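Trainee: Have a look at this one.
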Amino acid sequence: MGLLANTISCCQFQVLGTLPEGDLARWAGERLAANAFSSIEHTTEELSTGWVELDDFEATDFQPAGRFCRDHYLTFSLRRDRRRVPAGLLKAHLERAEAEFLAANPGLRRVPRPKREELRDAVRGALLAKTLPTPATFDAVWDIRRNLLTLATLNSQVLEEFETLFKTNFDGLRLVTLHPFERARQSLDTVLHPALGRANGAASDRVVDLIQDNRWLGWDFLCWLVDRTMNSDGNYRVSRPGPALAGESFTAYINDRLVLEGEDDEGRQKVTVAGPQNRFDEVLAALESGKSICEATLYLEKDELLWKLTLKGELFQFGSFRCPSVKMEKDDVVDPEREKEALFLERMYLLETGLQLFDSLFESFLHQHPKLAG
């Protein structure tokens, strides 16, 4: 689902590097247009990727700036069109082409390998020419005040393509996943950074090592949340920056679905516990057997508003992140462009509030963790 949907799956990146001085919107528009999506509908190309505008997957000129630059956000989408020829269809047509070749060459009992490859390429090209590409878009919003980019996908291949194209497109800038250890570093006061450093299980500053060797952060956080859900009122206070006011109260708890993993003599095993959790009996039994919680459904409530998400503990990715709904007004009085902008800003307000509550919850956990408590 796109960024403006009530339910999305998303991850976040820190944008590292120095932004150019001057007209940032003009610079961004020129860079995005330089790597805009190019259609392959009337070609036989298999894949095309490039940037399009958030509100229109066919718009690639990024002009005027107001269409993609809204307040302190830059918005754009990665469009990825791909043609696919079903393996069974390719096989059937190739067999037919080989049979026709052998009929025309009765002295041969089988198609020579070079000729078979030639026929395969010809058949595949002919089928590709008859196949329309399937489009897919992946929305991104870049908060230029915080140098924070939110991308609406968790597909690993798309994430890799997005990072590569972003680095190529915006020379001198790069994306770094906002993983649990980095979130912890940003959440803790500098006085607690030495304690976080001592708890760091990575032997280097490489992102992959910081993620892999600090999985304990996600495991312990989710385990702490289960304990808090069972044994506390679930009330917390807003402590991280964002739309909600500092000190405002909210409620957080785990329910519905948890995934646990562990290793034994037979290798890595996963256990899924689904359904409303009253006493977490199955979860506790799995924890006692040495498994760790790697994924769980988390609820965040503030006033009358509810956020629901599936937290993936290793990377702190947010699956099926459902925010309070926003509806677009449609009548003859409201200007469509202004309403689009209002819808976008309201959606970002709700999304960022949910993420602010999550970060405040994570900060509360950090200050209670025995490895980090000051």
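Trainee: Considering Leu258, Leu306, which residue is farther than 22 Å from His369 by Cα, without any contact (Cβ under 8 Å) to a residue 60 or more places away in the chain and surrounded by 13 or more Cβ atoms within 10 Å (Cβ to Cβ)? Quick ask: steps written out before the conclusion?
Mentor: On the way: Leu258 fails: farther than 22 Å from His369 by Cα.
So the residue among Leu258, Leu306 that is farther than 22 Å from His369 by Cα, without any contact (Cβ under 8 Å) to a residue 60 or more places away in the chain and surrounded by 13 or more Cβ atoms within 10 Å (Cβ to Cβ) is Leu306.
Trainee: Looking for whichever is surrounded by 15 or more Cβ atoms within 10 Å (Cβ to Cβ) and in contact with an Asp or Glu (Cβ under 7 Å, 6 or more places away or on another chain) here; the options are Pro180, Pro135. Which one fits? So that I can check it myself, show each step before the final result.
Mentor: Working: Pro180 fails: in contact with an Asp or Glu (Cβ under 7 Å, 6 or more places away or on another chain).
Only one candidate passes the filter, namely Pro135.
Trainee: OK, next. What are the pairs, 6+ residues apart or on separate chains, where a residue within region 358-369 that is touching a residue at least 12 places away in the same chain (Cβ under 8 Å) has its Cβ under 7 Å from a residue that is in a helix (DSSP H, G or I) and of a type in the set (A, V, I, L, M)?
Mentor: That search, which allows pairs on different chains as well, returns Leu366/Ala184.
Trainee: Let me ask something else. Modelled with pLDDT of 90 or more and of a type in the set (S, T, N, Q) - does that describe any residue in region 74-81?
Mentor: Kept after step one, since they are modelled with pLDDT of 90 or more, are these residues of region 74-81: 74-81.
From what's left, of a type in the set (S, T, N, Q): 75, 77.
Within region 74-81, one or more residues are modelled with pLDDT of 90 or more and of a type in the set (S, T, N, Q).
Trainee: So, one more: Across region 273-329, what is the number of residues that are hydroxyl-bearing (Ser, Thr, Tyr) and more than 23 Å from Ala152 (Cβ to Cβ)?
Mentor: Pass one, region 273-329, residues hydroxyl-bearing (Ser, Thr, Tyr): 289, 292, 297, 299, 310, 320, 325.
Filter once more, keeping what is more than 23 Å from Ala152 (Cβ to Cβ): 289, 292.
The qualifying residues number 2.
Trainee: Here's another thing I want to ask about it. Can you name the number of the only condition in (1) surrounded by 13 or more Cβ atoms within 10 Å (Cβ to Cβ); (2) under 30 Å from Glu346 (Cα atoms) that Thr44 fails?
Mentor: (2)
Trainee: Is there any pair linking a residue in region 195-214 that is farther than 18 Å from Gly313 by Cβ to one that is basic (Lys, Arg), with Cβ under 7 Å and at least six apart or on different chains, and which?
Mentor: Within 7 Å, the pairs are Ala195/Lys371.
Trainee: So in region 231-252, with the set limited to residues that are hydrophobic (A, V, I, L, M, F, W, C) and either crowded, with 16+ Cβ neighbours inside 10 Å or touching a residue at least 60 places away in the same chain (Cβ under 8 Å) (or both), which one is farthest from Pro276 (Cα to Cα)? Outline the logic, then answer.
Mentor: Taking region 231-252 first, the residues hydrophobic (A, V, I, L, M, F, W, C) are 238, 244-246, 250, 252.
Filter once more, keeping what is either crowded, with 16+ Cβ neighbours inside 10 Å or touching a residue at least 60 places away in the same chain (Cβ under 8 Å) (or both): 238, 244, 250, 252.
Numbers: Val238: 27, Ala244: 29, Phe250: 21, Ala252: 15 Å.
The extreme case among them is Ala244.
The values are calculated or read from the model by the stated rules, or taken from the named source; none is laboratory data. Everything quoted here is computed from the prediction, not taken from an experiment. Here the Cβ is made from the backbone with ideal geometry for all residues, glycine too, and neighbour counts use every protein chain on show.
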